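Novice: I have a structure here, written as structure tokens, and I will follow up with some questions on it.
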Amino acid sequence: MSRLPLFRRFVPWSAGLMLWITVLCPPTASSFQDRIIAVVNKDVITWSDLQSKIQDEYKRLKAKYSGEDLNRRYEQKQREVLNNLIDERLQLQEAGSKGFTVTDEEMNAALQRTPLLPTQTEQDYRDQLLLKKLFDFEVRRTVVVEEEELRRFYNANQSLFLKPPQVRLKQILLTTTEEYQRELARKKAESIFSTWKPNMELEELASQFSEPVKQLGWLQADELLSTLSPEIQNLKPGDLSTPIETPLGLHLLMVEEKSDTQIYPFEAVEQEIRDLLQRQKTEEAYRNWLSDLKKKAFVDVKF
């Protein structure tokens with residue numbers, strides 16, 4: 001089995017460091033020869049390390065792409081996975097230097113909450129727990145979102161917190177299951193509508209035809225059936241719609257109230273803003289922290 005063509009690519013790393021990546025098709029069992037492909041401080045990353053992380057992705061790519069397109073996408077994936085492996089080694093080394101460990105009790109408790117994935121080893125799982133413990137200590141605990149930041153974001157981005165127009169509705173619904181029943185329902189719905197007079201309460205109208213009235217409450221346009229929404233756009237409070245036919249039956253809708261677009265009060269969106277800013281600041285803090293680790297690291301790629 002022949003290999004895909006070789007590619008040489010110049011990939012930026014951190015300040016003063018560059019990675020050369022040779023892109024190869026995964027070797028066959030008969031041609032496989034393991035070797036060191038990167039040194040991260042005193043740790044090594046081997047060709048088999050990279051292949052164990054990328055082989056399933058290669059199968060997915062090969063099922064969708066071929067030729068140069070497959071080569072290009074596989075090259076990108078190898079570069080991405082290798083960078084991730086180097087990042088992971090740097091963080092595991094940092095965890096070790098700071099004395100972080102994962103006890104058997106912590107491991108067992110975590111496995112009870114989230115079992116191993118089919119492709120995951122216990123060591124992989126333990127490493128992920130260790131990385132999370134390091135992340136919580138070095139990054140997450142350092143991130144604080146102040147109340148004034150929440151207010152400032154809210155005031156500067158009020159277009160993000162608009163409450164769509166709403167309408168409060170009630171209806172008479174004539175349900176049908178058979179076609180002959182639907183024709184009868186159409187005629188009855190027309191009779192109900194022709195009997196209605198402006199300012200007549202829907203309950204009074206419905207009682208004349210022994211039909212119940214259902215309160216639908218406050219709804220947005222996207223919460224209504226697509227056939228109902230356009231029909232109520234031009235209705236004013238107190239108006240009754242003409243009969244509207246849907247798979248559910250025949251609807252006669254009365255608008256009780258309408259509300260214009262409004263801005264959600266700060267208290268209603270405070271937690272949403274806090275979560276957003278917490279996530280943004282955490283991501284930024286993580287990037288900065290990892291960048292500092294890379295600047296202090298020795299990384300030598302041996303493709």
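Novice: Rounded to whole Å and sorted largest first, list the principal axis extents of the Cα atoms in the chain.
Specialist: Dimensions of the chain along the principal axes of its Cα atoms: 87, 56, 41 Å.
Novice: Cα-Cα over 26 Å: which of K53/K302; K64/K294; K132/K302?
Specialist: The pairs that break the limit, which is 26 Å between Cα atoms, are K64/K294; K132/K302.
Novice: If amide H atoms are built 1.01 Å from N in the plane of the peptide, which residues on other chains or at least 5 residues away come under 5 Å of the amide H of G238?
Specialist: V255, E256
Novice: Measuring from centroid to centroid over Cα atoms, what is the spacing of the stretch 93-144 and the stretch 167-183 in Å?
Specialist: 57
Novice: Then there is this: Which ³J(HN,Hα) values in Hz, rounded to whole numbers, follow from the phi angles of the stretch 116-124 under the Karplus curve 6.51 cos²θ - 1.76 cosθ + 1.60, where θ = phi - 60° and Gly and Pro get x?
Specialist: Result, ordered by residue: 4, 6, x, 9, 9, 8, 5, 5, 4 Hz.
Novice: List L111, L85 from most exposed to least, where exposure is judged by having the fewest other Cβ atoms within 10 Å.
Specialist: Ascending Cβ contact count within 10 Å gives the list L111, L85.
Novice: Something else about it: With a cut-off of 8 Å between alpha carbons and a minimum separation of six or more residues, what is the relative contact order of the stretch 165-260 in percent?
Specialist: The normalised contact order for the stretch 165-260 reaches 47 percent.
Novice: Calculate the all-directions average of the projected area of the stretch 165-260's alpha-carbon convex hull, and give it in nm².
Specialist: Directional mean of the projected Cα hull area for the stretch 165-260 stands at 5.7 nm².
Novice: Provide the net charge surrounding P237, with neighbours chosen by a C-beta distance below 14 Å and charges set as Lys +1, Arg +1, Asp -1, Glu -1.
Specialist: Working: positive: R168, K170, K236, K258; negative: E201, D239, E256, E257, D260.
Here the count lands on -1.
Novice: Rounded, prolate or oblate: which fits the stretch 206-259, taking a ≥ b ≥ c as square roots of the Cα gyration tensor eigenvalues, rounded meaning a/c under 1.5, else prolate when a/b beats b/c? Mind showing how you got there, number by number?
Specialist: Values: a/c = 1.69, a/b = 1.24, b/c = 1.36.
Note, shape of the stretch 206-259 comes out oblate.
Novice: Excluding residues fewer than 8 places away in the same chain, name every one of the aspartates and glutamates whose C-alpha is closer than 19 Å to that of K281.
Specialist: D136, E138, E146, E147, E148, E149, E270, E272, D292
Novice: In the Gaussian network model of the chain, springs joining C-alpha atoms below 10 Å, which of T142, T101, T119 carries the largest mean-square fluctuation?
Specialist: Checking each option, the largest mean-square fluctuation is seen for T119.
Novice: Under the classification rounded if a/c is under 1.5, otherwise prolate if a/b is larger than b/c and oblate if not, where does the stretch 111-183 fall, given a ≥ b ≥ c as square roots of the Cα gyration tensor eigenvalues?
Specialist: Here the stretch 111-183 falls in the oblate category.
Novice: In the stretch 165-260, what is the count of Lys pairs whose alpha carbons are under 16 Å apart, counting only pairs at least 8 residues apart or on separate chains?
Specialist: Here the count comes out as 5.
Novice: Right, next: Give me the distance in nm between label points sitting 7 Å out from Cα along the Cα-to-Cβ direction at E147 and T227, one decimal.
Specialist: 5.3
Novice: Next question. Take every Cα pair under 8 Å in the chain that's 6+ residues apart, average their separations, divide by the length, and report that relative contact order as a whole percent.
Specialist: 24
Taken together, the values in this text are just the output of simple stated rules run on the coordinates, not laboratory data. The model shown is predicted, which means the values in this text are computed figures rather than measured ones. Quick reminder, even Gly has a Cβ in these numbers, built from the backbone with ideal geometry, and neighbours come from all protein chains shown.
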